[in-house]
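The structure under discussion appears below in the form of structure tokens.
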Amino acid sequence: MAVDCNELVDILAEAATDPAALDRSARRHVEGCLRCQADMVQHRRVLRALRSLRTEVLEPAPGLVTEVLTHIEEAGERHAIRSLLTGRRVAYIGGLAAATAAAAGAGAIVIASRSRARRLPLAG
Amino acid sequence: MVTDAGTSSRPPRSYRRPDPEAMADLVARAQAGDDRAFEDLVTATHAETYTLARRLTGNDDDARDVVQEAYLRAYRSLGRFRGEARFTTWLYRITANCASTYVGRRRRHRHDELDDELVVVDASPELDPAARADASDLRDRLVAALDELPPKLRAVVVLRDVYDLPHEAIAAELGISESAAKVRLHRARRKLKDRVFPTRDEDDHPGGG
Ligand SMILES: [Zn+2]
């Protein structure tokens, strides 16, 4: 029975990394089908682009390390973290206050009730 | 204003992956109870952990929550980390597990406005300008397509095709069978390909979401 392109869509996706996914009849179909060949080329290009994403590092908005340490502290973990945080948080909130004051101008009161303040217009 | 990769006029900032020996030393000290060493580990790895979390959740807000939870779990289970695995790989597995729990628990809100402001740092900028322009166009379409995938499909394709985790590890962290992981992977690849390279047929559809 002849193989239809639509039956092969998932197999072509698998074959992008595992050529053995194509059995003999599938292989014979692909060899004579430009559409399936084009699909395979596109799969390989997507795969290559996916792999190259691995070399990218997205830089988070400032404050994430402090958020992490605060989260550990709030979960009731060791006090040593607390002492590490003290100096860090003072610097962080100081910077935050300066940034929000600059952005919001006089008259605005900013209450940083949580350490995460991502939505505030941080400089950077 | 800082923009996403490719469109930015700023050169990518240089990024150096932490040196494995220094990492092993930090891990050993953190395991011995040195919290300052743990803080240094967080500082050294948080951008990469965030990157994975951002890819898995599809938005900045959820990614930050996942990163916090992942380091809490890492802190608690540091004693069980064995040096045969790379620390970052171990951390990636924890992050994947946290993201999977998190995405299942909470409906994500789409398209956080801050997503446009991500700074992308390229750790291996070796392509020539023309190749880079092509790759960057494909890359941008791919990243948009990834964000559009259902979270369950996205998790598998990110962990397998971007981070090269074995099916077995992916299945374990996502709480699914290996065969389910494979089915999801192939479906995800197909959807990505169809979005990155739409055919005329698919263009004709209004694409109702
Ligand atoms: Zn065909």
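The values are calculated or read from the model by the stated rules, or taken from the named source; none is laboratory data. This structure is a prediction, so every number in the text was calculated from the model and none was measured. In this analysis, Cβ positions are derived from the backbone assuming ideal geometry, glycine residues included, and neighbour counts consider all displayed protein chains.
Okay, residues lined up against (1) assigned to a helix (DSSP H, G or I); (2) more than 9 Å from the ligand (Cβ to nearest atom); (3) surrounded by fewer than 17 Cβ atoms within 10 Å (Cβ to Cβ):
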position: A:Val30; (1), (2), (3): yes, no, no
position: A:Val41; (1), (2), (3): yes, yes, yes
position: A:Arg44; (1), (2), (3): yes, yes, yes
position: A:Leu47; (1), (2), (3): yes, yes, no
position: A:Leu50; (1), (2), (3): yes, yes, no
position: A:Val57; (1), (2), (3): no, yes, no
Being part of a loop (DSSP other than H, G, I, E, B) and under 17 Å from B:Arg160 (Cα atoms) is the filter; apply it to the stretch A:1-27 and report the residue that is farthest from the other protein chains (Cβ to nearest Cβ). A:Asp18
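Considering the stretch A:1-28 alone, what residues qualify as being of a type in the set (Val, Ile, Thr) and either within 26 Å of the chain's Cα centre (by Cα) or near the ligand (Cβ under 10 Å from one of its atoms) (or both)?
Of everything in the stretch A:1-28, those that are of a type in the set (Val, Ile, Thr) and either within 26 Å of the chain's Cα centre (by Cα) or near the ligand (Cβ under 10 Å from one of its atoms) (or both) turn out to be A:Val3, A:Val9, A:Thr17.
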Among the residues of the stretch B:1-42, which ones are polar (S, T, N, Q) and modelled with pLDDT of 50 or more? B:Gln31
Please count how many residues of the stretch B:50-72 are among the polar types (S, T, N, Q), at the interface with chain A (Cβ under 7 Å from one of its Cβ atoms) and more than 9 Å from the chain's Cα centre (by Cα). 1
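I'd like to check something: does the stretch B:167-176 contain any residue that is closer than 19 Å to A:Ala21 by Cα, within 12 Å of chain A (Cβ to nearest Cβ), part of a helix (DSSP H, G or I) and under 17 Å from the mean Cα position of the chain (by Cα)?
If we filter the stretch B:167-176 for residues that are closer than 19 Å to A:Ala21 by Cα, which is where we start, we get B:167-168.
Keeping just the survivors that are within 12 Å of chain A (Cβ to nearest Cβ) gives B:167.
Narrowing further to those that are part of a helix (DSSP H, G or I): B:167.
If we keep only those that are under 17 Å from the mean Cα position of the chain (by Cα) too, we end up with B:167.
Within the stretch B:167-176, one or more residues are closer than 19 Å to A:Ala21 by Cα, within 12 Å of chain A (Cβ to nearest Cβ), part of a helix (DSSP H, G or I) and under 17 Å from the mean Cα position of the chain (by Cα).
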